[in-house]
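The values are calculated or read from the model by the stated rules, or taken from the named source; none is laboratory data. Note that the structure is predicted; figures quoted are calculated from it, not measured. Cβ: placed from backbone, ideal geometry, glycine included. Neighbour counts: every protein chain shown.
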Amino acid sequence: MKRRSRMSSFQLKTLLAILAFCLIVSEAMAQSQLRFVTWRSEAAGVWEQLIADFETRHPGIKVVREIGPHSSTEFHDLVTQKLRNRDPEMDVFFMDVIWPGEFAAAGWASPLDEFFSAAQQKEFLSAPIEANRYRGRIYGVPLFVDAGMLYFRKDLLAKYHVAPPRTWPELVDQAKLILAQERDPYLTGYSAQFKQYEGLICNMMEFILSNGATLWDEPALRGTLHLAAAKEAVRFVRDQIVGAISHRGVLAYQEPESLAMFTQGKAVFHRNWPYAWEIANDPARSKVAGKVGIVPLPAFSGHQSAATLGGWQLGISRFSRNTRLAWQFVDFMTSSETQKRIALYTGRAPARKALHRDPDILKKNPQFQSQYETFLRAAPRPVTPVYQPLSNIMQRYFSSAIAIPDSNIDQLAALASRDMDRVLDLLRGRGAP
Amino acid sequence: MNASHEPNLRFLLPSVVFVVVFSLYPIFESFRLSFYRLILTLPWLGQKFIGWDNYYDLATDPVALQSLLTSMTFVAVTTPVEVLLGLGMALVLNESFRGRGWLRAVVLVPWAIPTVVSSQMWRFLFNDRYGLFNFVLFGDATDRYWAPLAEPGLALMSIMVADIWKTSSFAALIILAGLQVIPRELYEAASIDGASPWQKFRHITLPLVKPALLLALLFRTIDALKVFDLVFVMTQGGPADTTNVLQFYGYKKSFAEGMIGYGSTIAVAVFLVSLLLSIAYIRLLGTRLLGKEEGA
């Protein structure tokens with residue numbers, strides 16, 4: 001009896017010791033482990049190297065990389081799912097440029113003002129910083145930026161003695177001329193992203209803004225797509241682009257398909273983000289390498305060219321247990337040194353201003369020089385917590401307006417504006433942020 | 001009586017718990033949420049009880065009504081085609097011939113491939129430049145190539161084709177099981193009586209396989225009403241919203257836009273529509289079927 005009780009007390013002690021050990025280990029692991037939710041990059045090796053370097057510099061911190069889908073929409077589902085469930089496992093995540101308003105208002109992203117000072121913010125391009133600001137506070141640190149650009153076939157334009165177009169009607173005329181002369185049934189005039197998805201907003205916004213109109217009036221919380229200038233731009237896309245110089249397949253294209261058209265030598269003009277430069281000029285992946293030119297997108301006469309701002313930021317979850325460690329990681333990943341490495345290895349345009357004058361980067365990516373002006377002026381989509389519902393209304397409108405050749409644009413635009421008013425009304429008289 | 005039933009109830013308990021937790025609770029929760037205004041991105045609005053407002057909004061939401069119509073069109077076209085094709089396949093697979101086991105396995109391949117993968121495949125097939133679909137139809141006449149997923153009039157049809165390709169074999173599987181329980185003696189007797197193959201099919205096969213047909217029809221209807229992955233991968237609801245089926249619309253409301261209340265209302269609507277359809281099927285086909293069996 002006595003013997004047995006001694007045995008069990010010994011067992012108990014062992015058990016307790018093991019338990020305590022496990023607790024300590026798991027506690028230590030939880031404290032020093034960061035989970036970084038990202039999408040699969042085209043240059044995965046760079047990211048692994050960066051994370052390894054961070055871990056070397058911060059011994060004791062382990063970064064676990066969770067890789068989500070590359071599509072922005074699907075990645076949004078993944079990240080918001082975790083945030084909705086208040087998942088404390090996720091510390092740092094990628095944010096598309098249109099999310100900070102939503103994530104801030106929902107209380108999902110941590111405000112970073114205590115770490116990310118106004119002076120530090122000044123080192124970044126102002127457009128992406130503004131896109132990360134919601135009601136005066138900052139919620140993300142820009143990593144790289146995107147802006148819509150016009151790619152064109154230098155050889156074809158030279159053959160027909162035309163200079164890159166400065167206005168949209170000019171682009172249409174040039175495309176018509178080249179299509180008529182080349183007589184290649186495969187060739188298309190303008191390859192872009194007109195599928196019903198977020199990319200459609202980016203493309204249409206460039207037409208609308210470059211006609212002096214807007215998607216909606218954010219301060220007044222009113223839809224503006226029913227105004228004449230906005231409708232005129234949409235009508236132009238329907239009648240002059242989709243109905244004339246592009247084949248109707250563009251109505252189902254996202255970035256990869258539209259870029260493939262261009263790199264196969266089957267498009268005269270192409271609208272895409274800066275990453276396309278690297279691919280279009282790589283002889284292994286492109287038939288038009290060396291024949292590609294890049295300029296700011298055209299405008300309608302009397303108006304300024306407009307480029308939609310895109311790009312990715314790092315945010316920290318409000319539910320992270322390690323905000324301070326998470327910041328160390330974000331700080332490292334968005335540092336000048338890291339952004340330079342990313343620019344050199346992936347061709348992504350850095351969000352830090354100074355890097356756009358960095359000789360090494362310009363040597364590798366000479367196009368950044370001419371793109372800098374576009375990055376400075378790139379237009380963010382208005383920051384609002386109801387961006388997603390507004391986007392869905394606009395996607396529906398734009399797709400219906402341009403995909404149906406005899407669409408009633410006046411009526412569709414009025415409906416879209418009215419629906420957007422209803423959504424924007426939710427923001428009236430809001431209390432706390 | 002009571003005593004003999006008690007142990008049975010205890011054995012049932014695990015499955016009851018399972019159904020309550022994973023089936024009834026979510027359905028109940030969707031019902032409850034559908035009476036609230038709850039928008040995740042606007043937390044200061046709180047969770048406000050608004051009675052039937054969401055249902056009123058749904059009934060007057062032109063996008064939702066259009067989506068319902070799209071879903072019903074999808075169901076009305078795909079379900080009968082799938083069941084008919086399935087019946088055809090099942091009849092062939094029920095015959096004995098060399099390589100039957102092999103063929104039975106092959107027929108199931110489309111159904112066994114994850115929908116996301118086959119949707120991606122169909123997206124490539126329907127591509128307007130390098131898709132096989134155009135090559136088969138037009139060959140080298142590239143100027144005549146179609147862009148099925150870009151045309152408002154063709155996109156839904158393209159998704160239907162993909163769905164029919166994918167799930168006809170599922171219908172075939174159910175119907176084949178039904179065919180296999182028909183006793184051979186009936187056919188032998190019919191042969192002796194001098195019945196033609198058509199007469200055998202009409203008077204033996206069809207009446208006896210009806211329960212399986214009904215089951216296939218029911219499963220396919222409910223599944224087709226809930227179609228989501230094909231749309232998600234192939235069109236995202238476009239072009240011009242022509243493939244925005246109700247389930248996809250509800251997903252966008254709940255998950256992309258964070259409108260949990262309204263999204264739940266759409267989910268409840270999908271649930272009610274499939275419930276009504278199921279009841280209608282069982283009433284219409286089931287009683288007729290039972291009547292025949294009683295007569296026989």
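Structure data summary
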| read-out | value |
| --- | --- |
| Among the candidates A:Arg40, A:Arg57, residue that is among the basic types (Lys, Arg), over 17 Å from A:Ser317 (Cβ atoms) and modelled with pLDDT under 90 | A:Arg40 |
| Residue ranges of helices (runs of 4 or more DSSP H) in the range A:216-310 with at least 1 members more than 14 Å from chain B (Cβ to nearest Cβ) and at pLDDT 95 or above | A:228-236 |
| Members of the range B:208-233 found to be over 30 Å from B:Val181 (Cβ atoms) and surrounded by fewer than 24 Cβ atoms within 10 Å (Cβ to Cβ), listed by number | B:Phe228, B:Asp229, B:Phe232, B:Val233 |
| Condition met for A:Gln328 (surrounded by 20 or more Cβ atoms within 10 Å (Cβ to Cβ), on the phi < 0 side of the Ramachandran plot and in contact with a His (Cβ under 9 Å, 6 or more places away or on another chain)) | no |
| Qualifying residue in the range B:265-286 (condition: within 14 Å of another protein chain (Cβ to nearest Cβ) and either crowded, with 21+ Cβ neighbours inside 10 Å or at pLDDT 90 or above (or both)) | yes |
| Residues located in the range A:393-416, provided they are surrounded by fewer than 20 Cβ atoms within 10 Å (Cβ to Cβ) and more than 9 Å from chain B (Cβ to nearest Cβ) | A:Pro405, A:Asp406, A:Asn408, A:Asp410, A:Gln411, A:Ala414 |
| Entirely in the range A:83-181, the helices (runs of 4 or more DSSP H) that have 3 or more residues that are of a type in the set (D, E, K, R) | A:154-159 |
| Qualifying positions in the range B:110-143 - at the interface with chain A (Cβ under 10 Å from one of its Cβ atoms), more than 25 Å from B:Glu82 (Cβ to Cβ) and among the hydrophobic types (A, V, I, L, M, F, W, C) | B:Ala141 |
| Residue selected from the range B:195-243 under the condition over 18 Å from the mean Cα position of the chain (by Cα), of a type in the set (Ser, Thr, Tyr) and within 14 Å of chain A (Cβ to nearest Cβ), by the criterion farthest from B:Val273 (Cα to Cα) | B:Thr235 |
| Qualifying residue in the range A:367-381 (condition: within 14 Å of chain B (Cβ to nearest Cβ) and in contact with an Asp or Glu (Cβ under 7 Å, 6 or more places away or on another chain)) | no |
| Breaking point among (1) in contact (Cβ under 8 Å) with a residue 12 or more places away in the chain; (2) within 30 Å of A:Tyr253 (Cβ to Cβ), for B:Leu108 | (2) |
| Answer from B:Leu149, B:Leu156 - the residue that is within 14 Å of chain A (Cβ to nearest Cβ), within 16 Å of the chain's Cα centre (by Cα) and in contact (Cβ under 8 Å) with a residue 60 or more places away in the chain | B:Leu156 |
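Results for (1) farther than 25 Å from B:Phe248 by Cβ; (2) within 12 Å of another protein chain (Cβ to nearest Cβ), shown as yes or no for each residue.
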position	(1), (2)
A:Gly60	yes, no
A:Gly68	no, no
A:His76	no, yes
A:Met95	no, no
A:Trp99	no, yes
